[in-house]
2 protein chains.
Amino acid sequence: MEEKEISQAVISRLPRYFRYLGMLKDEGVERVSSHDLSRIMHLTASQIRQDLNHFGGFGQQGYGYNVENLYDEIGKILGLDKEHNLIIIGAGNLGQALANYMNFERRGFIFRGIFDNNPEICGTKVRDIDVRPMEDMKSFVERNNIDIAVLTVPKSCAASIAEQLVSYGIKAIWNFAHVDLNVPENIQVENVHLLDSLMKLSYNLVSHDKQGA
Amino acid sequence: MEEKEISQAVISRLPRYFRYLGMLKDEGVERVSSHDLSRIMHLTASQIRQDLNHFGGFGQQGYGYNVENLYDEIGKILGLDKEHNLIIIGAGNLGQALANYMNFERRGFIFRGIFDNNPEICGTKVRDIDVRPMEDMKSFVERNNIDIAVLTVPKSCAASIAEQLVSYGIKAIWNFAHVDLNVPENIQVENVHLLDSLMKLSYNLVSHDKQGA
């Protein structure tokens, strides 16, 4: 299937389609119209048709979408038909929380190692994953075909670690450090800036209160 | 200041402005042009002027923006000039990680209590915050003027807990459960769907590989 350049806004919605289709599939639903999808997902039917058309359009007029097909296709588009090997840098609370979250593995995101510069926790395990010293990162990345690095380190050291990771051949960084990374354009970065998210919630709370007053 | 309805896209960028202005402020920078901001933030200068115009426009032609003023103003817009009282529902790894993250408190987001339905951890503390049984949630929310609830529970129980929280008077939910909540329109919800974020990264990784191949 030919793929054109697709906006990040559309891509951001794909995992949500995947989630809802998975729910319908689990409920034994075989086909769904864009109208029905629009109702449960709180999107317009035309938005849904437009979004899915980017990927070739799997719907048929008068039939709608075959749930299992569409689910599988979107899964493939999202790269979920292959395994990804991940490492976590930073074995603090957040790094441990992510390592313990089994839903990632179920989707093919496999944590292969955790790295930390604290000698006291190196050698311990989180779940069944070894915590290793930072010095071992280079050879570990090279030997284990690691493609995604998860950055759960303080922002003060995030930039230099990101630079190292790129030099080791990492192609994608899932960044939880509260700083924007300057990496080459061919490196994919997805930021989870928790404080930014909380501030957005705070804005909506305060501005809603004002409107209500 | 009059505030119009502002798109969520603009609001999503505000915390990032706030972060960069905070960095400039810490570096002792007194004023900044939209051109300089655009360079460090990788946005266009006209985008920056447009965004900030939504809030009355703090810039002056030929001078640019006063860093400290703009920082303070955006902070107020984001509701950071007041304290928010938060509770966390779900004292698992992620709930504990959030409770331990001091940057939230520094911005006025104060965790007052953690709730969990596991009797074994009720009565313990995370940092200096008591873990309490779910039955105490109602009276705790009412007594402690809680305005934000953080949901770090499995998706299977997220909907019913959200419903309870709303009935107790909670006005905002920071939702980490991997499900969309159906709450009344006057309740603010900000989702952090970690798996969706990881899938987006996977999409970009895989589609970039294809283009490169």
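Collect the residues in segment B:1-50 that are within 14 Å of another protein chain (Cβ to nearest Cβ) and not in a helix (DSSP H, G or I), keeping them in residue-number order. Answer for segment B:1-50, where residues must be within 14 Å of another protein chain (Cβ to nearest Cβ) and not in a helix (DSSP H, G or I): B:Met1, B:Glu2, B:Glu3, B:Lys4, B:Glu5, B:Ile6, B:Ser7, B:His42, B:Leu43. Annotation: A:Arg143 fulfils all but one of (1) closer than 29 Å to A:Asn182 by Cβ; (2) among the charged types (D, E, K, R); (3) crowded, with 19+ Cβ neighbours inside 10 Å; the unmet one is (3). Being assigned to a loop (DSSP other than H, G, I, E, B) and in contact (Cβ under 8 Å) with a residue 24 or more places away in the chain is the filter; apply it to segment B:51-67 and report the residue that is least open to solvent (accessible area, probe 1.4 Å). It comes out as B:Phe55. Summed over segment A:118-140, residues that are farther than 15 Å from A:Ala99 by Cβ, among the charged types (D, E, K, R) and open to solvent by less than 60 Å² (accessible area, probe 1.4 Å) total 0.
Within segment B:158-173, is even one residue without any contact (Cβ under 8 Å) to a residue 12 or more places away in the chain and aromatic (Phe, Trp, Tyr)? No, the conditions are met nowhere in segment B:158-173. Filtered by the rule that a residue be in contact (Cβ under 8 Å) with a residue 40 or more places away in the chain and of a type in the set (A, V, I, L, M, F, W, C), segment B:90-123 gives B:Ala91, B:Leu94, B:Leu98.
Restricted to segment B:83-105, and to residues that are more than 8 Å from every other protein chain (Cβ to nearest Cβ) and part of a loop (DSSP other than H, G, I, E, B), which residue is nearest to the chain's Cα centre (by Cα)? Only one residue fits best here, namely B:Glu83.
Right, B:Gly75: open to solvent by less than 40 Å² (accessible area, probe 1.4 Å) and either of a type outside the set (Gly, Ala, Ser) or part of a helix (DSSP H, G or I) (or both) or not? Judged against the criteria, B:Gly75 is a match.
The values are calculated or read from the model by the stated rules, or taken from the named source; none is laboratory data. Quick caveat, the model's predicted, so the values are computed rather than measured. So basically every Cβ, Gly included, is an ideal-geometry build from the backbone, and we count neighbours across all protein chains shown. Each accessible area value is taken on the protein alone, full model and side chains, heavy atoms only, with ligands, DNA and RNA left out. Shrake-Rupley method; radii C 1.70, N 1.55, O 1.52, S 1.80 Å.
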